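Engineer: Below is a structure I'd like to ask you about.
The values are calculated or read from the model by the stated rules, or taken from the named source; none is laboratory data. On a predicted model such as this, the values are computed, not experimentally measured, just so you know. Virtual Cβ from ideal backbone geometry, glycine too; neighbours counted across all protein chains shown. With ligands, DNA and RNA removed, areas are computed over all heavy atoms of the protein, side chains included. Shrake-Rupley method; radii C 1.70, N 1.55, O 1.52, S 1.80 Å.
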Amino acid sequence: MSISSSLNAGVMGLNVNSARLSTISDNIANSSTAGYKRSQVDFSSMVIQQRSSAYAAGGVRVDTFKDVAARGSLISTGSATDIAVSGRGLLPVTDTSGLTSTASNRNMMLVPTGSFYADENGNLRTQSGLFLLGWPADSSGDVGNVSRNSGVNLAPVNISTSQFTATPTTEMDFGINLPADATNAGSTSGDFNLPVEYFDNLGRANTLTFQFTPVVPASGASNQWQVDIFDSAGDPAISIGSLALEFSDAPASGGRILTATAGGGAAYNAATGAISLTLPHGPVTVNIGRPDDSQGITQLAAPFSPTNVTKNGAPIGDLKSVEIDDKGFLQAVYDTGLRRTLYQIPVGDVPNMNGLQALDGQAYKVSGSSGSMYLWDAGAGPVGAVAGYSLMESTTDIAAELTDLIETQRAYSSNAKIVQTVDEMLQETTNLKR
């Protein structure tokens, strides 16, 4: 019994060291593979019920696994769509079938890093055929209320629909000084015109003209202005609103708006200091300042000065590049300087990273051993931030693998010696019985 158990132990030793050699070979072969997580073996002894009069060798068994929790170093690249997670967590991807499948039937996988590029349809994919997934953002860059326990709200990241964009103007801010002397009796200053370019929902440029007319009294100073607003989108330019302004000349609040009364289709909100206008492409607010506020439009003894007139919106822009920030927001950058958020790329995490099922292409799938997946915002909770222009190196340490290779060779030879010795002993026993 003891001799046969020794033979079994030796054979098992050969098997487990053969498995260890396979993992070492795999690790060395993938030492330059971006995102590769090294394979490891875990030996555990086997014990047969012992008796005091005899000992039987139980042998050894092996368990192999991917050390997915290990983190490789990040290396910088020249591509904005080379993406890695700088810390714990993995990026969601799918295969080719997932492009046309419903979200509930999509084959979702996770990768630690990926060198993505836009294919002929605009989908971001790797050379191995894995497509990046993300939460689509609306025009304001918000992804809304999304499911974090599943990929039901994820969609393949596609940038072709964002090749051109037009962002309409919805808000203007005025920092203007009106000359106080223009409202004195006998003033002949005339009108002051302020043209402000804006963009409609089709990217066309139009102009709002604000005509400031001082109210000149017979004597003294009125501190009053009539403002007429014209839109060049009409043919000819049409009036879309008016505003009656009166400024304070009190010692503590001189030059600030005292009252503002809108008409002709415009509305003024004293609480926010904004005029509401209705243009053909939609509403626009013009912030002129609140009563007794030093911001916005003032009337001081200085020349007419539109020192700070700003607006949002942009004309038609051609997509120049895409970039991803550390929060996982994928942004389109246009040649007009506009940046628009297209997707938010979440970072997936599971309780047992090493329990994930390994697939081709450095991809992993949730299994019963890994626990359920949760999709975090990048850089939140236990997960790391997303790094663009970066790839994660393989976690293989060549020096350590070569050391393990020598140990495995010696262990395999030793177990082979056990088999040889047992064979010789059994041969001797057979000879004695003749």
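Engineer: Find the residue count for region 181-222, including only residues that are assigned to a helix (DSSP H, G or I) and within 24 Å of PRO280 (Cβ to Cβ).
Structural biologist: Here the count works out to 0.
Engineer: Based on what the data block shows, is GLY254 open to solvent by 20 Å² or more (accessible area, probe 1.4 Å) and more than 36 Å from the chain's Cα centre (by Cα)?
Structural biologist: When the stated conditions are applied, GLY254 passes them.
Engineer: Filter region 323-354 for residues that are of a type outside the set (Asp, Glu), farther than 21 Å from GLY144 by Cβ and in contact (Cβ under 8 Å) with a residue 24 or more places away in the chain and give the result.
Structural biologist: Of everything in region 323-354, those that are of a type outside the set (Asp, Glu), farther than 21 Å from GLY144 by Cβ and in contact (Cβ under 8 Å) with a residue 24 or more places away in the chain turn out to be TYR334, LEU338, VAL350, MET353, ASN354.
Engineer: For residues that are of a type in the set (S, T, N, Q), touching a Lys or Arg at 6+ places or on another chain (Cβ under 9 Å) and surrounded by fewer than 17 Cβ atoms within 10 Å (Cβ to Cβ), tally how many sit in region 375-407.
Structural biologist: 0
Engineer: If you don't mind, another one. All but one of (1) assigned to a helix (DSSP H, G or I); (2) closer than 17 Å to ASP360 by Cβ hold for SER6; which doesn't?
Structural biologist: In the conditions (1) assigned to a helix (DSSP H, G or I); (2) closer than 17 Å to ASP360 by Cβ, SER6 misses (2) alone.
Engineer: Is it fair to say TYR374 is of a type in the set (Phe, Trp, Tyr), under 17 Å from ARG88 (Cα atoms) and under 19 Å from the mean Cα position of the chain (by Cα)?
Structural biologist: So TYR374 fits the description; yes.
Engineer: Further question on the same structure: So, in region 285-303, of the ones that are of a type in the set (A, V, I, L, M, F, W, C) and under 14 Å from LEU245 (Cβ atoms), which residue ends up most open to solvent (accessible area, probe 1.4 Å)?
Structural biologist: Out of the qualifying residues, it is LEU300.
Engineer: I need the full set of residues from region 198-232 which are more than 17 Å from THR167 (Cβ to Cβ), within 46 Å of the chain's Cα centre (by Cα), among the hydrophobic types (A, V, I, L, M, F, W, C) and open to solvent by 20 Å² or more (accessible area, probe 1.4 Å), in order please.
Structural biologist: PHE230
Engineer: Please go through (1) in contact (Cβ under 8 Å) with a residue 12 or more places away in the chain; (2) out of contact with any Pro (no Cβ under 7 Å at 6 or more places or on another chain) for ALA400 and return the number of the only condition it doesn't satisfy.
Structural biologist: The single condition ALA400 does not satisfy is (1).
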